[in-house]
Amino acid sequence: MGSEMEPLLRAWSYFRRRKFQLCADLCTQMLEKSPYDQAAWILKARALTEMVYIDEIDVDHEGIAEMILDENAIAQVPRPGTSLKLPGTNQAGGPSQAIRPITQAGRPITGFLRPSTQSGRPGTMEQAIRTPRTAYTARPITSSSGRFVRLGTASMLTSPDGPFINLSRLNLTKYSQKPKLAKALFEYIFHHENDIKMALDLASLSTEHSQYKDWWWKVQIGKCYYRLGMYREAEKQFKSALKQQEMVDTFLYLAKVYIILDQPVTALNLFKQGLDKFPGEVTLLCGIARIYEEMNNSSSVAEYYKEVLKQDNTHVEAIACIGSNHFYSDQPEIALRFYRRLLQMGVYNCQLFNNLGLCCFYAQQYDMTLTSFERALSLAENEEEAADVWYNLGHIAVARALLQTASSLAPHMYEPHFNFATISDKIGDLQRSYVAAQKSEAAFPEHVDTQHLIKQLKQHFAMI
């Protein structure tokens, strides 16, 4: 008996230690000897699922296809502070791009890149297509489903002899009557095989078998509807699940639905309702802070991130965002303390040293400024990051050559073009100044200083 159990215990030990490939290989050997071993079958399904598992709560890419085919009507002229999508409405409570810069993806620069903000939110189809393909943080995604299909196909390399489970031959009704098997199978189909339609069928049969009393299945049906773009149906399922069992994850899933339907106020109320049930829950506090940040309500952002730090004083996102808020509130010395804290925690990247360099400069700690920027340049992984550092160096050293480097690396940023135009104007190179000013205007048409400079240059040219 002991020798029979030993491989299964070893496989389970591998699974607990997150050595999923070793666990799956051992389960495969066990299934070759006894194909109907349910324990080995479930363990292998779970190991394969964990290898490609993505937390659905955080990752959310709205691609071009979703944007064009979106049938969810939103108000054409929403009240200020009630929409995240339409330009202008989110500027109600915060500084403009001239004061607080944003990335080319439309995300305010916070010093912290979140998974859900990587693709940005292109306002128009034209803007989405024109987004540079080389940018790591703003690539236009053809469709969110396309990304998941790629993950699914890569994952099949784990079984060279063909798929582990032949989905077309499954009798879903039979599995739905065995809850433990059904849950492992659902996660395998949803995450590993990415067959959302079949996962939905299994979840529907299982929830029927449980007489609609199992909240877990309702959440899974909601996840399937969300992935299929049926947001109102997903909302009903999540609400029903919350009535049966209040869980933090369900609050987060439902808030995601409201955010994609462009109802930030409803999402905020939901998060606050969640905080009544789960006081001090970090993920709910972060959710509120992120919505306020997209709505440019900087005072509320700082307030909620401070609440996060009371619960978890090593929360990187909260530290980075509070530091950023202090910097843009003309308190670089306080911002410096937050960024130094990140450095002490072991965060070591280009963005952090870039922010440290800026804080040191504005806090008049000049001895550390250039050292921080040099470190940032050595850690820059792409042109976008290098451009940010060169721009700051150019701003500090007022060096024309550095600004030219920045504008060539990142032509979509208005700041290097404008500063290059200003310097060229001061040294009398009017032609170059005019060309750079036009580039700045193309990148950010509402920038008042650029418009003044162009008007001034035109007057110069008229006099010549």
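The figures follow:
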quantity: Summed side-chain charge close to L172 - residues other than L172 whose Cβ falls under 12 Å, Lys, Arg +1, Asp, Glu -1; calculated: +1
quantity: Probe 1.4 Å - accessible area at V301, Å² to nearest ten; calculated: 0
quantity: Whole-angstrom gap from the range 162-191 to the range 247-267, using each part's C-alpha centre; calculated: 29
quantity: Exposure of H412 as accessible area (Å², to 10), given a probe of 1.4 Å and all protein chains; calculated: 60
quantity: Cross-link partners of K439 among lysines (Cα-Cα below 21 Å; sequence separation of 8 or more within a chain); calculated: K426, K455, K458
quantity: Selection of GluC sites (Glu not before Pro), the range 333-394, meeting DSSP coil and at most 14 other Cβ within 10 Å; calculated: E381
quantity: Segments 193-201, 8-16 sorted - mean Cβ within 10 Å per residue, highest first; calculated: 193-201, 8-16
quantity: Across K183/K306; K44/K310; K183/K277, pairs whose alpha-carbon gap is larger than 32 Å; calculated: K183/K306; K44/K310
quantity: Equivalent ellipsoid, the range 273-355 (semi-axes from 5 times Cα gyration tensor eigenvalues, Å); calculated: 23, 15, 10
quantity: Residue-level accessible surface for S408, protein heavy atoms, 1.4 Å, Å²; calculated: 90
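The values are calculated or read from the model by the stated rules, or taken from the named source; none is laboratory data. Worth saying up front: this structure is predicted, and the values here are computed from it rather than measured. Glycine gets a Cβ as well: all are built from the backbone with ideal geometry, and neighbour counts include every protein chain shown. In case anyone asks, the SASA skips ligands and DNA or RNA and just uses the protein heavy atoms, side chains included. Shrake-Rupley method; radii C 1.70, N 1.55, O 1.52, S 1.80 Å.
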